[in-house]
Amino acid sequence: MHLKLTTALTAAALSLVTALPARAGDAELPRSLLWATYDVGSSGYVEASAIADAFAKEYGTRVRIMPSGTSIGRLLPLKTGRVQYGWLANELYFATEALYDFAAPEWGPQDLRIVAGRPSTFGMAVAADSGIASIADIRGKRVPRIKANPSINIKVEAMLAFAGLTWDDVEVVEVPSYGAALKAVVDGQADVAGSTPTAATLYELESSPRGILWAPLPKENAEGWDALTSVADFFAPATATKGAGISEDNPANIFAVRYPMVTVYADSDEDEVYNFIKALDETYDIYKGATAATPAWSLAEAGRSPADAPFHPGAIRYLKEIGVWTDEDQAWNDKRLARLQKVMSTWEAASEAALDQNVAAKDWPAFWEDYRSTALN
């Protein structure tokens, strides 16, 4: 009883402290915030740390960062309210779609919203000696598939779909990690690998006898892009000018993704989210030089669709005020929100059907996968 009372009083005290606004210019922030991020040393952790430092300098807000190496470890404190913001990657998409870890009965589709997300790039790195000049040429070639890494695998699957291919059309090379996938290309055990252009191992490939190319995803190929975005709708065309085998004079037509994405639940207070993104904008000049990636936190880039979930109304309000949010962004957001609502209603229907059919807990994942596929596709 004493422990419960102490815990309750501590929580109440924290709530009172975080409710008090810190000194600020225009944005109003609480005196303290908790954020969930990727591991210490990850780009997401480093960028969140730089922005947290900027918030402290500008507003006196103390930010505590809680790093985790797992998607559940980042989402659970956000779900329980222990943290106010999550700095997430593609687990955000999987959580809204109730896929992989989030297909468990205690999870299901999560009603999450984006505040802002830094754009990044991703593409299909090709060994230059493999004879591959296009995505279609990957048919029959050796392609790494990473165990327990749906974030990378779904990107590779989407790029294969650009040319009407699936995993069944290639020679799958099972690898234990992202690093092992890239190393397999360098060592001649695979022909291609999905990657960010700036991955260190790709510079090794570039300087090796194999060499490096990037399988193009030309923006004008509307049919290819329709197929690619049918796998997941958070991809967009991008031209990369930095990375292994890439330069201003030799750009690569690949795709854009977002990482990290500042994330909240749909029921987060609109004014609080509005003030957060306003603070992100007002402190940009403080943190933009922290890393090579932080300049991309400009809201002209980080406040645009597509992303892995719909944007929060508080964020949209501010993005409209500064002239960033367009009719195109709103149309995308409306469509993405309708999709999320459909997934959530499908989950409810599947749960009722499972109860009626006495589906055992151990059989739920397969039941949900079949039900979901039929209802949503």
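The values are calculated or read from the model by the stated rules, or taken from the named source; none is laboratory data. Not measured: the values here are computed from a predicted model. No Cβ is skipped: glycine too gets one built from the backbone with ideal geometry, and neighbour counts run over all protein chains shown. What goes into the accessible areas is simple: the full protein's heavy atoms, side chains included, and nothing from ligands, DNA or RNA. Shrake-Rupley method; radii C 1.70, N 1.55, O 1.52, S 1.80 Å.
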Could you tell me how many of the residues in segment 223-276 are β-branched (V, I, T), more than 26 Å from T166 (Cα to Cα) and buried (at least 22 other Cβ atoms within 10 Å of the Cβ)? 5
Restricting the search to segment 231-284, which residues are in contact with an Asp or Glu (Cβ under 6 Å, 6 or more places away or on another chain) and closer than 30 Å to A127 by Cβ? V231, F234, T241, A244, G245
Strands (runs of 3 or more DSSP E) (entirely within segment 44-135) containing at least 1 residues that are under 14 Å from the mean Cα position of the chain (by Cα): 85-88, 112-127
Looking at T346, T294, can you tell me which residue is of a type outside the set (F, W, Y), more than 30 Å from G41 (Cα to Cα), in contact with a helix residue (DSSP H, G or I) (Cβ under 9 Å, 6 or more places away or on another chain) and open to solvent by less than 30 Å² (accessible area, probe 1.4 Å)? T346
If we scan segment 23-32, do we find a residue that is within 22 Å of S120 (Cβ to Cβ), at pLDDT below 95 and not in a strand (DSSP E or B)? no
For segment 177-203, enumerate the residues that are in a loop (DSSP other than H, G, I, E, B) and of a type in the set (S, T, N, Q). S177, Q189, T196, T198
Just the residues that are of a type in the set (G, A, S) and either on the phi > 0 side of the Ramachandran plot or at pLDDT below 95 (or both), please, taken from segment 136-187. G140, A148, S151, G164, S177, G179, A180, A181
What's the total number of residues in segment 23-52 that are open to solvent by 50 Å² or more (accessible area, probe 1.4 Å) and farther than 15 Å from A296 by Cα? 10
The condition from (1) open to solvent by less than 20 Å² (accessible area, probe 1.4 Å); (2) part of a loop (DSSP other than H, G, I, E, B) that P144 misses is numbered (2)
Checking A354 against (1) modelled with pLDDT of 95 or more; (2) over 26 Å from the mean Cα position of the chain (by Cα); (3) open to solvent by 40 Å² or more (accessible area, probe 1.4 Å), the condition it does not meet: (3)
